[in-house]
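S.K.: Let me begin by handing over the structure; questions about it come next.
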Amino acid sequence: QVHVVESGGGLVQPGESLRLSCAASGSMTSIGAMAWYRQTPGNQRDLVAVVTDGGTTNYAESVKGRFTISRDNAKNTVSLQMNSLKPEDTAVYYCNVLVHLVGRPGYYNYWGQGTQVTVSS
């Protein structure tokens, strides 16, 4: 069993910052890529940023230069620093991790429950 828990969402004004955090725990031997997605009502869940186990990062064009993803492999956590927030960043943000489970081959995909980010004046 693997648990993925996000924290750090909230209501901010345009131009302000927020930091999201995500922690994975459970019967894991290793974690591969860790990522943040976001979703607005009626739309698909879109990738915001991803960091591989080797530290390579990739971002959606809409957040490049404003958001920074980072991970702490010792703590099994991933964070998303969001600066210069815009109203269009409003969404539910989900943490996603690829996990290698104890005693099972391959990697498995796990999601957090989501955290609301609202950017509004």
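Since every read-out is calculated from the coordinates, none of them should be taken as a lab result. Computed from a predicted model, the values in this text were never measured in an experiment. Glycine gets a Cβ as well: all are built from the backbone with ideal geometry, and neighbour counts include every protein chain shown.
S.K.: Amide H neighbours of D53 under 5 Å, at least 5 residues apart or on other chains, H built in the peptide plane: list them.
M.R.: Under 5 Å from the amide H of D53 lie the amide H atoms of A33, each far enough along the sequence or on another chain.
S.K.: In the Gaussian network model of the chain, springs joining C-alpha atoms below 10 Å, which of E88, E16, E61 carries the largest mean-square fluctuation?
M.R.: Greatest mean-square fluctuation among the candidates belongs to E61.
S.K.: Each residue of the range 87-104 in turn: what ³J(HN,Hα) in whole Hz from Karplus with 6.51, -1.76, 1.60 and θ = phi - 60°, glycine and Pro shown as x?
M.R.: x, 6, 7, 4, 4, 8, 9, 10, 8, 10, 9, 9, 10, 8, 8, 4, x, 10
S.K.: Work from the charge dipole of the chain (Cβ charges, +1 for Lys and Arg, -1 for Asp and Glu, about the Cα centre) and give the residue of V119, I69, T56 farthest towards its positive end.
M.R.: Positive-most Cα among the choices belongs to T56.
S.K.: Name the shape class, rounded, prolate or oblate, that the alpha-carbon gyration tensor gives for the range 1-64, where a ≥ b ≥ c are the square roots of its eigenvalues, rounded holds for a/c under 1.5, and otherwise prolate holds if a/b is larger than b/c and oblate otherwise. Can you show the working numbers first?
M.R.: Numbers: a/c = 1.78, a/b = 1.48, b/c = 1.20.
Prolate is the answer for the range 1-64, as a/c is 1.5 or above and a/b outweighs b/c.
S.K.: Roughly speaking, what is the centre-to-centre gap between the range 53-67 and the range 95-121 when only Cα atoms are used, to the nearest Å?
M.R.: Result: 17 Å between the Cα centres.
S.K.: What do you get for Rg/Rh over the range 28-104 if you use C-alpha atoms and the Kirkwood form of Rh? Provide the component values of the computation, followed by the final result.
M.R.: Numbers: Rg = 13.4 Å, Rh = 13.3 Å.
Rg/Rh for the range 28-104 comes to 1.01.
S.K.: Quick one: compute the contact order of the chain, relative version, from alpha carbon pairs under 8 angstrom and 6+ residues apart, as a percent. Working shown, then result.
M.R.: Working: 306 pairs, mean separation 43.8, N = 121.
Over the chain, the number comes to 36 percent.
S.K.: Here is a follow-up. Just how large is the dipole of the range 9-117 about the Cα centre, in debye to the nearest 20, putting +1 at every Lys and Arg Cβ and -1 at every Asp and Glu Cβ? All intermediate terms of the calculation are to be shown ahead of the outcome.
M.R.: On the way: 9 positive and 7 negative charges, 29 e Å.
About 140 debye.
S.K.: Hey, in the GNM for the chain with a 10 angstrom Cα cutoff, which one of R71, R38, R104 fluctuates hardest?
M.R.: Result: R104 has the largest fluctuation of those listed.
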